[in-house]
Amino acid sequence: MKLTKQQLTIKLERFLDYYKNYPNENRKNELLKIKNSLENQVYKIGVIANMSAGKSTFVNSFLGENILPSFNQATTDCAVFIYSKPNIEKKAIIYFEDKQPLTIKENLEYELKQYSRKDEDCEEKYRNVEKIELFYPFKNIQNSNEDFEVIFIDTPGPNSTGEYKQKHKDQTRAVLNEVDLALFLFDYDQLDANLQSDEQGLWKSIEKRVKKDKNFDIYFVLNKIDGGLKDNLREIYSRDNYEEEAKKLWFNAENKAIYKLSQAAKNHNIENPKIYPISAKYGLLDRIENKTFDEEDEFDIFLRIFKRIFKENYKNEFKKYVGIETLENDINEYIDKEIKDKILQKIDYQIESIYFDETKELKTKIAILETPQKEALEKIKKTENFLNKESKQIKKKFEDELSNLVSKYSDEIKIKVNGTIYEELEAKIPEATERTLIFFEVRARNALQDAIHLAKTKPLDIKFIKKKKDFISNFIGDIVGRTDTISINVNSKNEVKEYEKEITDFMISLLEDYKNNYLDIKTDIKNIYQNISFEMQSFYLNYKKLLSDELDENLNIKLVIPEINIDINLNQISMPKSIIDYNHKKAVWSGGGSFSSRQKISDEEHIITISPKLIKDIFTKIIYSIKKKTLTKELQGYKKILDDYKNEYLQKFEEFEKQKQNEVLELKKSLSDVLKNLEITNKQLLVLEGVKNDNK
């Protein structure tokens, strides 16, 4: 029979009632920990995108109302955490960088629209928002009374520029490393651009997590799929046989887009990608009860297409096409089968373990009480001697084993951190130098955003860059590996400082990108934590067996993977005062005669020069400074977490040892009135078995 949260809650309450009558603080506390774990199960789903793909409308379609603001331009300036539980009180909590949180219960839609904007686009009171927590029930996702809490995280708008761009990239990557399931959104109408752009490095992070984290999953969502329907219908040139032609062309363009996305996923080593074509816009309009006149008209026009082609079956075909319910059902099924069942089984196993230990203790006590008193006293004395002598030796061996594990995994983490720093930072120094030189050259002839885009083309491909902008000077192909200086002309002296700032900002943005790639090490560290916890559990089981012959294999230790914080602050980077040289040459005129008769020999020139060696030296100095400042601090933090693991298991062993000592003392006391205590213990065992039977 399938376990439910309600069944386990009842089971826990009955055991807790048992311990009210037969006190045992250790076991009662274990049950309370299990109960807390059951009540606070959370499943995190993140919504991410490389480019604007209608994320807020997509989330709104799950809510069934226009709650999150959605515009054509990137708007959401901070991550929005949506907490969904049945019958939850609808409200939002706004967290600020410079003041206390604010709770909003009225005019949610309007207020969220204001708080989600960039600071320069809103009034003073709506500025400096750090994050938003929205408490609102989803329409269909995990909405039964006994379901676990589901948190949706809508990441900031990806198309931001200026000071917001890096902040949003950092937040999106952080969310991606935190969630259990990621919904990666793409825009059908902009699919090629979506697939080419990866300035946030999401593909790389996803590829790493899929490969290394067995508890993580990714769904690819192809939004605005209704664009495909319009593309198909454009192929119909005659009204004759319209329905027949429409059915022949049905989903042609959509399937081509799905194939493109599938190939992109496979290129990043994600086999059998789960792809969901949806129309969040029309899925939301279908659910909004009080549509505006414009919304009603737009929805009716779209629905009319399905009525014309599919006649009486148009509603089913419409819902199937917009795809929201299909995605909701698959998310629910995934949580139920892959997540919830495993969690409930684990918790049930923990409860059964406590029942087993309690039963074993009572049966041992009964066996001792039924033994002749002299023989029983000898057994107790022997047990006391064991606990006072051999037990201490076992504990020492156990502690040594744990210390060896800490040393082993500390070395593994050190190797992993050093290797990742080399791969994602040190080894990128030549590449960073080359990209900066390309930026310098391209910027002289093109807009800033063009220069950034071309200089960040992945992988670094000079042929591609030259093809893309064939009017770039011919020597750009020779930039890679150059050691001599590179000079270009600018229009005036005033442009020099502007160029220098842009180059500096570009260099820092490269370092930010490399830093974010390094932060993907979180997945590796999580796996190491899981491995050491598993090994420590195994050691704990083995040494526990040395103290007690018959024990259940459930260790009653909840595996908690601690939050991994990596602090690399690039705001403290010290850049040289000048990274380019400026040389001004006045115009040269022929001498003698009146000014009107003189001839210009050469024009005035404003020349800026950049040295590849200087750029490389700057990157080298900064990256090695980052390594020196962060490496020691980071490794100390990891070592502390491993030591905490060791101390947790050692404490658990000591508690078990103390429990055994208390049992022996109780047995000695019980022998003073054998018959009375035998009757009491048998009665207690019957009560315990009754609790067990009631739970079946």
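The values are calculated or read from the model by the stated rules, or taken from the named source; none is laboratory data. Worth saying up front: this structure is predicted, and the values here are computed from it rather than measured. Cβ sites come from the backbone with ideal geometry, for glycine too, and all protein chains shown count toward neighbours. Just the protein is used for accessible areas: all its heavy atoms, side chains included, with ligands, DNA and RNA removed. Shrake-Rupley method; radii C 1.70, N 1.55, O 1.52, S 1.80 Å.
Less than 12 Å apart at the alpha-carbon level, and either on another chain or at least 8 residues along: which aspartates and glutamates does that give for residue 91?
106, 109, 111, 133
Which FRET efficiency value, to the nearest 0.05, is calculated for residue 639 and residue 215 with the Förster distance at 22 angstrom and r the Cβ-Cβ distance?
It comes to 0.35.
Give the calculated FRET efficiency between residue 252 and residue 3 to the nearest 0.05, with a Förster radius of 45 Å applied to their Cβ-Cβ distance.
0.50
Using a 1.4 angstrom probe and counting only protein chains, how large is the accessible area of residue 543 in Å², to 10?
Rounded to the nearest 10, that gives 20 Å².
Could you work out the local net charge near residue 420, counting Lys and Arg as +1, Asp and Glu as -1, over the other residues with Cβ closer than 13 Å to its Cβ?
Around residue 420, the surrounding residues sum to +2.
Provide 495, 254, 25 ordered by accessible surface of protein heavy atoms (probe 1.4 Å), highest first.
25, 495, 254
Full extension from residue 237 to residue 628: what is 0.36 nm times the residue separation minus their Cα-Cα distance, to one decimal in nm?
Stretched fully, the residue 237-residue 628 segment lengthens by 134.0 nm.
Figure the gain on full extension for residue 298 and residue 668 (residue separation times 0.36 nm, minus the Cα-Cα span) and round it to one decimal in nm.
124.9 nm
Need one value: the accessible area of residue 406 in square angstrom, 1.4 angstrom probe, rounded to the nearest 10.
Counting only protein heavy atoms, residue 406 exposes about 10 Å² to solvent.
So which aspartates and glutamates can residue 585 reach, going by Cα to Cα under 20 Å and dropping same-chain residues fewer than 8 places off?
495, 498, 500, 603, 604, 605
With a 1.4 Å probe and all protein chains kept in place, how much accessible area does residue 400 have, in Å² rounded to the nearest 10?
Counting only protein heavy atoms, residue 400 exposes about 70 Å² to solvent.
Calculate, for segment 319-382, the solvent-accessible area per residue in square angstrom, rolling a 1.4 angstrom probe over the heavy atoms of the protein chains.
52
Which entries of 342/365; 113/211; 230/274; 5/291; 515/586; 247/337 have Cα-Cα distances beyond 32 Å here?
In this structure, 342/365; 113/211; 5/291; 515/586; 247/337 exceed 32 Å between Cα atoms.
Stretched out fully, how many nm does the piece from residue 388 to residue 447 gain, at 0.36 nm a residue minus the Cα gap?
So the chain would gain 13.3 nm between residue 388 and residue 447.
If R₀ is 60 angstrom, what is the calculated FRET efficiency for the pair residue 87 and residue 604, using the beta carbon separation as r and rounding to 0.05?
My answer for the efficiency is 0.20.
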